[in-house]
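Have a look at the structure below before the remarks.
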Amino acid sequence: MTVLRPISPAAGLLLSLGAAAQTPAKPAKPADPAAAQLRPASVPLAATDDSRREARALGDLLLFPDRARVTVAQMHTFFASPVDQRWIQSMPSVERDSQRQIQVLGQDVFRDAVSRPAAALHEHGVNF
């Protein structure tokens, strides 16, 4: 029996991007030399048929398709219980409540951050 070790989605993405990065495109030269000093040069990645084929081969070598099927099967099994179904059904309301609480907290933090400098300006005679 083969034991499959889980691989994170981020690792899979990095592996596929690494394969795509084998043939980078030439960076565009900025028209303004001063603008080139303000931002670092970036090299856009160009995926080719060869890089895609290599990424697919690497995914097959690392058993990505099999791992994906196992993960999906585990998720279906995991969320099949009545407790999990209730949890899934309650998630939209939990998410709305969480967003509302984060918004209130953000407004309080913003109000506090703005009021301190405004009070200091008022002390110096600046009124707006």
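The values are calculated or read from the model by the stated rules, or taken from the named source; none is laboratory data. Predicted, not measured: the structure shown is a model, and the values here were computed from it.
Take the residues of segment 73-128 that are assigned to a helix (DSSP H, G or I) and hydroxyl-bearing (S, T, Y): which is farthest from the chain's Cα centre (by Cα)? The qualifying residue farthest from the chain's Cα centre (by Cα) is S115.
The residues listed here are R56, R100, R96; of these, the one that is at pLDDT 85 or above and either under 30 Å from N127 (Cα atoms) or not assigned by TED's automatic domain parsing to the domain that holds V126 (or both) is R56.
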